[in-house]
1. Restricting to the stretch 102-133, what's the tally of residues that are in contact (Cβ under 8 Å) with a residue 12 or more places away in the chain, polar (S, T, N, Q) and on the phi < 0 side of the Ramachandran plot?
2. Among the numbered conditions (1) charged (D, E, K, R); (2) under 25 Å from TRP176 (Cα atoms); (3) in contact (Cβ under 8 Å) with a residue 24 or more places away in the chain, tell me where GLU17 comes up short.
3. Checking the structure you have, find out if any residue of the stretch 101-108 is modelled with pLDDT of 95 or more, loosely packed, with under 13 Cβ neighbours inside 10 Å and in a helix (DSSP H, G or I).
4. Kindly provide the set of residues from the stretch 70-84 that are more than 14 Å from ASN38 (Cα to Cα) and among the hydrophobic types (A, V, I, L, M, F, W, C), ordered by number.
5. Across the stretch 1-49, what is the number of residues that are in contact with a Gly (Cβ under 9 Å, 6 or more places away or on another chain) and of a type in the set (Ser, Thr, Tyr)?
6. Out of all the residues in the stretch 72-121, which are acidic (Asp, Glu) and in contact with a Lys or Arg (Cβ under 8 Å, 6 or more places away or on another chain)?
7. Looking at ASN2, ASN28, can you tell me which residue is over 14 Å from TYR72 (Cα atoms), at pLDDT below 95, of a type outside the set (Asp, Glu) and surrounded by fewer than 20 Cβ atoms within 10 Å (Cβ to Cβ)?
8. With the condition kept exactly as written, say whether any residue in the stretch 38-53 is surrounded by fewer than 20 Cβ atoms within 10 Å (Cβ to Cβ) and either at pLDDT below 95 or among the basic types (Lys, Arg) (or both).
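The values are calculated or read from the model by the stated rules, or taken from the named source; none is laboratory data. Values in this document were obtained by computation on a predicted structure and should not be read as measured data. When we count neighbours, we look across all protein chains shown, and the Cβ atoms used for this are built from the backbone with ideal geometry, even at glycine.
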Amino acid sequence: MNETLKILWIPGLGANEIMFIPLIRELNILYKNNIINNFIKFYDIEPYTVHSLEEYVNILINKNFHLLKQQYDVVLACSLGGMVLQILLERRIIHAKKYILLSTAFEGDSLTILSKIIAKIMYNIPVFLRKSLQRLTAFLYRFFRFYLKHVKHLSQMFYDFPTNVFFEAPNWIYCWKGIDKRILFNKNIFVIHGTSDPLISFKKISKIRKPNLIFLKGNHILFSLYPRTLAQKIKNFLEN
């Protein structure tokens, strides 16, 4: 009988556990359903009361303490989640045999110009307009990503995400200085990125830490587009 694989998942901005469904499905096939999945949850804040990514991670630590004190085989974190994971690693709060950083930045300067512009615009959106714009974003996602099988679920995921975090977190990321970069070279950290990510620059992150797995012309949503390939590569990493 195969040993059970215990995974902690940390989703990205505007996301929750739904984003990982295709990847979890493929991993379950490879591990014959011997997987225990745990998910970090994001919580909302009062407008403009949090001023940095580090401050918000403090909130996440308090809210998810029961999950963070456990031992895992692997922690897989995507985008904003990957930045959260880096801060947790620097503080030595999280404990796992291996870690996977998917489509994430190593500092605010890793963002593309488009992301930096969006971050400033979103941060200054009046609070009374935020929920309506979030609802519109979720609705439009169904058309922009019409080719995804579970696009309706992703749309609902965007709508349900904590509103003030959705609008303010991009600016926290933009201002983030990153962690001690030496930590990123730990052999138990596996980095995955697409060369055409429109939000987080492949060239910029590669100057800091070259990815272990590169998707040529891959965009930001590798988890939805290449779940089978990702699952197999993850399995190889965990078993080596």
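1. 4
2. (3)
3. Within the stretch 101-108, none of the residues are modelled with pLDDT of 95 or more, loosely packed, with under 13 Cβ neighbours inside 10 Å and in a helix (DSSP H, G or I).
4. Residues satisfying the conditions are CYS78, LEU80, MET83, VAL84.
5. Selection size over the stretch 1-49: 0.
6. ASP73, GLU107, ASP109
7. ASN2
8. Yes: one or more hits.
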